[in-house]
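Novice: Below: one structure in structure tokens.
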């Protein structure tokens, strides 16, 4: 796909499309004039926007923030909050979702959304390049490089860019006649999206984090640092239903596994802390230094050496006797690269589901802006993770997909005692929360 270019005016400058001016108080539906409820919500992004355009991972030069992308986010968070009331019935949940947020219409069935979404970008911000050539972090990105690694660029490919300082307005309209029926549903999706979600790619690692600035022109003051956790629990009690979600549907619960950090001066500082914590936890190495990174204290490297029967002399003695891949808990796929491949260590391998290559991380990390600074938030979504993969995991050779081995990720209590980063806790994500 070729990235769209902005049209040029007579003087050579970029021409932006005029803002959409929707009818705010009524809409014609089925030949009838229907009164509408309208709400205008203004946002700023407190972390950079990663992608967000029509091409994955790239910022669109015309539509920085797209209405369909926001609709997709609201659908996801609606399911995360309200999907429990369908007693595990996926079809019933999907039907209710389509009635609210819309679906592709057919000749027999029209499924327009009851909620119309219009986006106006009020500040396009500016571009930043997190990495220089050869994957060296740019100024101001050293502590965030771990979260931004997909932007490094490969070989002669130029490093990717993000957009900083973006603000936008979201206009929501829906039929007034159905206000009582659907307002609570919309409010739940908005609250969860604003609290846990974001815009663009890699929102689960903090990119595109939102701050609600105003509603219908009235400024919104965020809670203070000491109030954040209580406010989140208040929102969970109000918006999350108790019940049974369909299998494999990521969702919130009334008492989630969650951690809120202490106060930081601004959202970037809180985000840097979260990224540093997950980097240090996932890359746990004793006595590591830039020149001598040391060997991992996780079991995966030694197990890959066993499976591939590749081991350089300096790694002849294994450090781990656990034959599992616990870091799959953070999401898939995982690419394992050994720097000593040329002297005997294994070739590149990929850890993935047997039938599903990708699995989104259940762990969400993001900063939250407060009235008196900022905090970092970590929350674990339920109903997702490696445990829901129907046919388990495989480790396969990167260059030859037909060479693979079945592997396991779930850690038993006695195995957790042998993996130093877990400190005896078999739940990998819970062990991480303990480190925050």
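Novice: Considering the values (1) 147; (2) 452; (3) 190, which represents volume of the Cα convex hull per residue in Å³ as calculated for the structure under consideration?
Specialist: (3)
Novice: While we're on this one: Which peptide among 423-436, 370-383 comes first, and what is the full order, when sorted by highest mean count of other Cβ atoms within 10 Å?
Specialist: 370-383, 423-436
Novice: Could I ask something else about it? Taking Cα atoms, how many degrees apart are the long axis of helix 228-239 and the longest axis of the chain, rounded to 10 and kept between 0 and 90?
Specialist: In the chain, helix 228-239 runs at an angle near 60 degrees to the longest axis.
Novice: If each DSSP helix of 4+ residues adds -39,500 (n - 2.57) and the sum is divided by the residues in the chain, what number results at 222 nm, nearest 500 deg cm²/dmol?
Specialist: Here the helix-only value at 222 nm equals -6500 deg cm²/dmol.
Novice: Could you tell me how many degrees, from 0 to 90 and to the nearest 10, lie between the Cα long axis of helix 90-101 and the main elongation axis, the longest principal axis, of the Cα atoms of the chain?
Specialist: 50 degrees
Novice: Treat each spin label as a single point 7 Å out from the Cα along the C-beta direction, and report the residue 126 to residue 388 distance in nm.
Specialist: With each label placed 7 Å out from Cα toward Cβ, I get 4.1 nm.
Novice: Once the Cα atoms of helix 67-82 and of the chain are each reduced to a long axis, what angle between those two axes, in degrees from 0 to 90 to the nearest 10, is obtained?
Specialist: Rounded to the nearest ten degrees, it is 80.
Novice: What is the spin-label model distance, in nm, from residue 89 to residue 285 if the labels are put 7 Å beyond Cα along the C-beta direction?
Specialist: Label at residue 89, label at residue 285, 5.4 nm between them.
Novice: Can you tell me the relative contact order of the chain? Whole percent, Cα pairs under 8 Å, sequence separation 6 or more.
Specialist: 17 percent
Novice: Arranged from highest to lowest average of other beta-carbon atoms within 10 Å per residue, in what order do the peptides 245-253, 74-82, 125-133 appear?
Specialist: 74-82, 245-253, 125-133
Novice: Then there is this: List 221, 173 from most exposed to least, where exposure is judged by having the fewest other Cβ atoms within 10 Å.
Specialist: Least to most surrounded, the residues fall as 221, 173.
Novice: Right, here's the next one. Kindly put 210, 395, 254 in sequence by how many other C-beta atoms sit within 10 Å of each C-beta, fewest to most.
Specialist: By the 10 Å Cβ count, ascending: 254, 395, 210.
Novice: Determine the gain in length on full extension of the stretch residue 339-residue 247; use 0.36 nm per residue of separation and subtract their C-alpha separation, reporting nm with one decimal.
Specialist: 29.2 nm
Novice: If one computes the Cα centroid of region 79-97 and of region 222-236, what distance in Å separates the two points?
Specialist: Measuring centre to centre over Cα atoms gives 27 Å.
Novice: What residue among 184, 329, 145 has the largest mean-square fluctuation in a Gaussian network model of the chain, using Cα springs under 10 Å?
Specialist: 184
Novice: Moving to a separate point now. Hey, quick one: spin label on residue 403, modelled 7 Å out along Cα-Cβ, who in region 326-345 has an amide N within reach, i.e. under 17 Å?
Specialist: The answer is 335-345.
Novice: Report the FRET efficiency, 1/(1 + (r/R0)^6), for residue 312 and residue 260, where r is their Cβ-Cβ distance and R0 is 56 Å, rounded to 0.05.
Specialist: Computed FRET efficiency for residue 312 and residue 260: 0.80.
Novice: Taking 7 Å along the Cα-to-C-beta vector as the label spot, tell me the residue 179-residue 348 distance in nanometres, rounded to one decimal.
Specialist: 5.7 nm
Novice: Please report how far the C-alpha centroid of region 112-161 lies from that of region 185-200, rounded to the nearest whole angstrom.
Specialist: Using only Cα atoms to place each centre, the spacing works out to 22 Å.
Novice: In which sequence would 154, 324, 231 go, from the one with the fewest C-beta neighbours within 10 Å to the one with the most?
Specialist: 154, 231, 324
Values in this text are rule-based calculations from the coordinates and carry no lab data. Values in this document were obtained by computation on a predicted structure and should not be read as measured data. A quick note on method: Cβ atoms are made from the backbone with ideal geometry, for glycine too, and the neighbour counts reach across all protein chains shown.
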